[in-house]
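Presented below is the structure to which this report refers.
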Amino acid sequence: MPVETFHTLIARNKRNSFLLIFVFLLLFVGMGLLIGYVWGAGEMAFAWIVAGIAGTIAFILILLSYFGGPSALLSLSRARELKKEDDPQLYNVIEELSLAAGQPVPRIYLINDTAMNAFATGRNPKHAVVAITVGLRQKLSRDELQGVMAHELSHVRHYDILYATLMAVMVGVLVMLCDVFLRSLWFGGGSRRRSRRSKSKGGGAEAIILVIAILLAILAPILARIIHLALSRQREYLADAGSVELTRNPEGLAAALAKINGDTEVLEVANRATAPLYIVHPIKKFEARAKKIFSTHPPIQDRIQRILSLTV
Amino acid sequence: MVVLWVVLAVVAVLVLSFIVIYNGLVQKRIRCQEAWSQIDVQLKRRYDLIPNLVETVKGYASHEKETLERVIQARNAAVAADGVQQQAEAENMLTGALRQLFALSESYPNLKANENFARLQEELTSTENRIGFARQHYNDSTAIYNTAIQKFPNNMVAGMFGFQSRDFFEIEEPAQREAPQVQF
């Protein structure tokens, strides 16, 4: 691993993220157009309408989830809000980080679970929330705790919640679109439209386009998920670098991750939907078994290595 | 006619860029000023906590007069310090004195067990860290601001409106460098 500063790592990760999102948008618009083209029997106007409708649905869903707020997630996780008197050390640790970041102090929640994990949510630094499990709170030293909290605060700083929402909705709408398309073909919708509007386009070309459309409609959702997960891993590395940027202490976070890695207990309240928001994948067995491309989080050993190779 | 529109469009773009750059520089400069005053806020917090600490310790270890007095003197010197250099020296002395005070608690189990003392210990540890982080944030903001006014084309706007480079918070002598995180 070449030695690098967190500045260069952060810059590189941001570039990679933009690239991935760009590819994703192309995929989304492309599939929308292609499907619309097939449905409309070659009319480009119809194709744009379909892409437009899909885009609008996605946009509305994004707005809803973005402004929906963290309360649903928190009540799902058996969390209780903490005031300074409840845990002065934790409060101090987080307030120190807020100073380093120049941001308001987030709301702090304690999750009643013995497994070791933490997460952050909230659409921007002003509405941020961080949560930590009882298990993690008790087992970490002050420095390690600060490393973990800095990682979570970095997620907020980097607007990762926004990214995650965007991606989840885009993937969802794309999968839905492809699904609807494939079903419509199965029920012969396309061919009926074709015979009604028969144009002088060669039947062969249309058939080829139809085949390509079907292939892509099957592959696109898989590709979308792979891109989504790659993006998710990028943001985890970015948050690790962000943590070092705040604390200037790589060892703290590295030690915390090593401790968490050694812990075999499964987080009871988490499930697959909320997994990407946690600092490590809460379902341990899944992480061990999952192949690299299908994991939301990079492998912990890899993360520890990268963190320790950062020069401050 | 078309040429006129093109010229107007170019002018509009230039004016808009100008405004955006100017506002960005103002924002970054204010952030530096905010960060600077934040350092003072945290320093004051420490000065206010110390008398409380001294009183608590006196209750259990009143014959450790020397150590206690050193702390009070160091604190007063820090409050009275003038200028960054003098203040940094005074701060350093104060940290050293506090460290001795907390080391004391090892010999006085009753003191160590005292809840108030434990709370003050955490508060002072946190305050030391906050001072360090506040300085770090100031330096980060300054780096961002200085970079912004030197980059092209921002440097032209900066030159026109007198945006000056800011100094980093630096401690001159290597002996006075302290890591931002302190654990007593």
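Over all directions, average the projected area of the Cα convex hull of region B:41-92 and note it in nm².
3.6 nm²
In µm²/s, what is D for region B:29-176 at 4 °C and 1.567 mPa s, where D = kT/(6 pi eta Rh) by Stokes-Einstein and Rh is the Kirkwood radius from Cα pairs?
In µm²/s, the coefficient rounds to 75.
Among B:ASN154, B:ASN146, B:ASN129, which one moves the most in a GNM of chain B with springs linking Cα atoms closer than 10 Å?
Comparing B:ASN154, B:ASN146, B:ASN129 in the GNM, the peak value goes to B:ASN154.
Grab the eigenvalues of the alpha-carbon gyration tensor for region A:1-62, scale each by 5, take roots, and send me the semi-axes largest first in whole angstrom.
Taking √(5λ) for each Cα gyration eigenvalue gives 37, 13, 6 Å.
By count of other Cβ within 10 Å, fewest leading, how are A:MET31, B:MET1 ordered?
Exposure proxy ranking, most exposed first: B:MET1, A:MET31.
Rank these for me by crowding, A:ILE49, A:ILE132, A:ILE161, going from fewest to most other beta carbons within 10 Å.
Least crowded to most crowded, the residues run A:ILE49, A:ILE161, A:ILE132.
I need B:ASP48, A:ASP160 ordered by Cβ neighbour count within 10 Å, fewest first.
B:ASP48, A:ASP160
Could you give the length gained by full extension between A:LEU162 and A:VAL175, i.e. 0.36 nm per residue of separation minus their alpha carbon distance, to one decimal place?
Extra length available between A:LEU162 and A:VAL175 comes to 2.7 nm.
Counting each DSSP H run of 4 or more residues in chain B as -39500 (n - 2.57), what helix-only mean residue ellipticity at 222 nm follows after dividing by all residues, to the nearest 500 deg cm²/dmol?
-28000 deg cm²/dmol
Give me the extension gain from A:ARG183 to A:LEU63: residue separation times 0.36 nm, minus the current Cα-Cα distance, reported in nm with one decimal.
My answer for the length gained is 40.4 nm.
Suppose each label sits 7 Å from its Cα in the direction of the beta carbon; what would the A:VAL211-A:GLU43 distance come out to in nanometres?
Output for this residue pair reads 2.8 nm.
I'd like the mean, over residues of A:94-106, of how many other protein chain beta carbons sit within 10 Å of each residue's own Cβ.
5
Read-outs: derived from the displayed coordinates by stated rules, not from any lab. Model, not experiment: these values are computed from the prediction. Cβ atoms come from the backbone with ideal geometry, glycine included; neighbour counts cover every protein chain shown.
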